[in-house]
Amino acid sequence: MNSQKRKNIRYFCALLPLILIIPGCSFPRQKIIDDVQLPKVLGFDKVDNQYVGTALYSDYTGDEKEGGSSILQGKGRKSHLIKQSINAQSPKPLEIGKLNLVIFGKELAENGVSYFVKTVCRDPLIGSNMLVAVSEETAEEILMKNKDRNSNYPYKMIEQNYRTQNVPIPTLQSFLFDFYGDGRDPSLPYLKINQKGNIEVNGLAVLKKDRLGLILNQKESFLYKILRGRVIRGQTEFNIHKGQSEDSVILAILYGKNKKSIINKGSKSKVTFNITLNGMVKDFPDWLDLRKKQNNLLLKKQLEKQMKKDFEKLFVKFQMHQVDPLGIGDFARANSKKWNEKEFYEKVYPTISLDINLKIELSQAGIGE
């Protein structure tokens, strides 16, 4: 056997494992998609003494390209029984590997979500970028409203609100960090069916431990997102006045910085937020000519004063409802050698004072005529 033949044999032997492996990798994947039901959204509600699970999914053999979705529903006292109930109605077994959103109905959230966090949200098949939300109506009603739309619509709607509007990051990873972390409470997008029958993000649901503790409206969500400080972006309405004239403007925050500090002195503890916001105003009244420097200065001062007061009101609201979505307890723990969660929230948190140092820089973009 000459050297060229030996080389050819060696090349063939080296390529043989790849030839055998590649078909084994590609065909089963195609088979999985064809042979299983992959819900995009799961909704959970509490009805009497059992739970109701609603699955919104895409049927890849149907007319999904035309925008429709399909729904299956199951009941049971355990998540496993809900899945079994759904599978009994489905031509394909249910798998949650493509799940991108879990919705808890308000009644379920009021009674506690820890069971589903442990059994569903911590499933290793679920990606950490999955979103979690709470709905005012039942999760079933929310998903039924989406039946004529693409099954990815609820996820895309929440994602858009996170990136451009007033919703803080709602991923599973962020939720679990706040849910299991000491000295902090999780917040989730709060969904609602509006007067036109469409699903919308109507604010934020703040949990205390595993139960619904407080609902924030749109403006409070905007303020909270700034105080939270991870992604500072959003917009809301503020009242302004000059002489006898009074109206409102829309303040859109483009980006900003937030640095906080704490003084741990028991009942005299204080948290300080140093916030710089860069934004622009929209829909301002005709009597406020923002081409004039004095009007810009007037607007800036009024916005800073009003926003500072709104921050303080929101913080007091958190204290009154005994929720800590800002993670003040965790921040105090990181800056204290001796910290006890129970003692902190019973004695220290209700008495903490808030100090806001706020500076707003207004861009000329969108202001001129």
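The values are calculated or read from the model by the stated rules, or taken from the named source; none is laboratory data. Owing to the predicted nature of the structure, the values given are computational and were not obtained by experimental measurement. Cβ: placed from backbone, ideal geometry, glycine included. Neighbour counts: every protein chain shown.
Which one is nearest to residue 130 (Cα to Cα) among residues in region 165-204 that are among the aliphatic types (A, V, I, L, M) and not in a loop (DSSP other than H, G, I, E, B)? If you could, list the steps in order and put the result at the bottom.
Looking only at region 165-204, we keep the residues that are among the aliphatic types (A, V, I, L, M), and these are 167, 169, 172, 176, 188, 191, 193, 199, 201, 204.
Within this subset, residues satisfying the condition of being not in a loop (DSSP other than H, G, I, E, B) are 172, 176, 188, 191, 193, 199, 201, 204.
Details: 172: 5, 176: 11, 188: 12, 191: 16, 193: 22, 199: 19, 201: 17, 204: 17 Å.
Once the filter is applied, the top-ranked residue is 172.
Which members of region 339-356 meet the condition of being closer than 16 Å to residue 271 by Cα and of a type in the set (S, T, N, Q)?
Across region 339-356, the qualifying residues are 351, 353.
I'd like the residue in region 139-158 that is within 16 Å of residue 188 (Cβ to Cβ) and not aliphatic (A, V, I, L, M) and, out of all such residues, is surrounded by the most Cβ atoms within 10 Å (Cβ to Cβ).
So, considering only residues that are within 16 Å of residue 188 (Cβ to Cβ) and not aliphatic (A, V, I, L, M), the one surrounded by the most Cβ atoms within 10 Å (Cβ to Cβ) is 154.
Check off (1) part of a loop (DSSP other than H, G, I, E, B); (2) in contact (Cβ under 8 Å) with a residue 24 or more places away in the chain for residue 72 and give me the number that stays unchecked.
Condition not satisfied by residue 72: (1).
Taking the condition assigned to a loop (DSSP other than H, G, I, E, B) and over 30 Å from residue 107 (Cα atoms), does residue 232 pass?
yes
Take region 334-352 and flag every residue that is out of contact with any helix residue (DSSP H, G or I) (no Cβ under 8 Å at 6 or more places or on another chain) and touching a residue at least 12 places away in the same chain (Cβ under 8 Å).
335, 336
Mind listing whichever residues of region 131-151 are at pLDDT 90 or above and part of a loop (DSSP other than H, G, I, E, B)? Let's see the steps before the verdict.
Taking region 131-151 as the starting set, the residues that turn out to be at pLDDT 90 or above are 131-145.
The answer is 136, 137, 138.
Of everything in region 259-311, what is small (Gly, Ala, Ser) and modelled with pLDDT under 85? Give them in sequence order.
Step one: of region 259-311, the residues small (Gly, Ala, Ser) are 261, 266-267, 269, 279.
Correct list: 266, 267.
I'm checking my understanding of the structure. Among residues of region 165-204 that are hydroxyl-bearing (Ser, Thr, Tyr) and without any contact (Cβ under 8 Å) to a residue 40 or more places away in the chain, which one is surrounded by the fewest Cβ atoms within 10 Å (Cβ to Cβ)?
180
So which of 167, 206 ends up being touching a Leu at 6+ places or on another chain (Cβ under 6 Å) and outside the structural domain of residue 323 (by TED's automatic domain parsing)? Lay out the reasoning, then the answer.
Working: 167 fails: touching a Leu at 6+ places or on another chain (Cβ under 6 Å).
Going through 167, 206 in turn, just one is touching a Leu at 6+ places or on another chain (Cβ under 6 Å) and outside the structural domain of residue 323 (by TED's automatic domain parsing): 206.
For region 122-141, name all the residues that are in contact with a Leu (Cβ under 6 Å, 6 or more places away or on another chain) and either within 20 Å of residue 205 (Cβ to Cβ) or polar (S, T, N, Q) (or both).
Looking only at region 122-141, we keep the residues that are in contact with a Leu (Cβ under 6 Å, 6 or more places away or on another chain), and these are 126, 128, 130-135.
Passing the criteria: 128, 130, 131, 132, 133, 134, 135.
I'm trying to understand the selection: among the residues of region 246-277, which are in a strand (DSSP E or B), charged (D, E, K, R) and surrounded by fewer than 16 Cβ atoms within 10 Å (Cβ to Cβ)?
Applying the first criterion (in a strand (DSSP E or B)) to region 246-277 yields 246-263, 270-277.
Next, only the ones that are charged (D, E, K, R) stay: 246-247, 257, 259-260, 270.
Listed by number, the residues that qualify are 246, 247, 257, 259, 270.
For the structure I just gave you, tell me whether residue 314 is at pLDDT 90 or above, touching a helix residue (DSSP H, G or I) at 6+ places or on another chain (Cβ under 6 Å), under 25 Å from residue 254 (Cβ atoms) and not in a strand (DSSP E or B). Full working, then the answer.
On the way: at pLDDT 90 or above: yes; touching a helix residue (DSSP H, G or I) at 6+ places or on another chain (Cβ under 6 Å): yes; under 25 Å from residue 254 (Cβ atoms): yes; not in a strand (DSSP E or B): yes.
In short, yes.
Can you tell me which residue within region 78-106, out of those that are charged (D, E, K, R) and under 27 Å from the mean Cα position of the chain (by Cα), is modelled with the lowest pLDDT? Show your work before the answer.
From region 78-106, those charged (D, E, K, R) are 78, 83, 92, 95, 98, 106; that's our starting set.
Filter once more, so that each one left must be under 27 Å from the mean Cα position of the chain (by Cα): 78, 83, 95, 98, 106.
Details: 78: 89, 83: 86, 95: 82, 98: 85, 106: 97.
Residue satisfying both the conditions and the ranking: 95.
Under the condition of being in contact (Cβ under 8 Å) with a residue 40 or more places away in the chain and in a strand (DSSP E or B), which residue from region 205-215 is farthest from residue 311 (Cα to Cα)?
Among those that are in contact (Cβ under 8 Å) with a residue 40 or more places away in the chain and in a strand (DSSP E or B), it is 211.
Cβ contacts < 8 Å: first residue under 26 Å from residue 214 (Cβ atoms), restricted to region 119-138; second residue modelled with pLDDT under 80, any location; separation 6+ or different chain. Result?
Short answer, once both residue conditions are applied: 130/121; 132/121.
Determine, yes or no, whether residue 280 is in a strand (DSSP E or B) and either outside the structural domain of residue 242 (by TED's automatic domain parsing) or on the phi < 0 side of the Ramachandran plot (or both). First the steps, then the outcome.
Values: in a strand (DSSP E or B): yes; either outside the structural domain of residue 242 (by TED's automatic domain parsing) or on the phi < 0 side of the Ramachandran plot (or both): yes.
Considered against the rule, which asks whether it is in a strand (DSSP E or B) and either outside the structural domain of residue 242 (by TED's automatic domain parsing) or on the phi < 0 side of the Ramachandran plot (or both), residue 280 comes out as yes.
Do you know which of the residues in region 233-258 that are in contact with a helix residue (DSSP H, G or I) (Cβ under 8 Å, 6 or more places away or on another chain) and within 21 Å of residue 287 (Cβ to Cβ) is modelled with the lowest pLDDT?
To start, the set of residues in region 233-258 that are in contact with a helix residue (DSSP H, G or I) (Cβ under 8 Å, 6 or more places away or on another chain) comprises 233-242, 249, 251, 253, 256, 258.
Restricting the remaining residues to those that are within 21 Å of residue 287 (Cβ to Cβ) gives 237-242, 249, 251.
Values: 237: 91, 238: 92, 239: 92, 240: 91, 241: 90, 242: 87, 249: 90, 251: 91.
Among them, the one singled out is 242.
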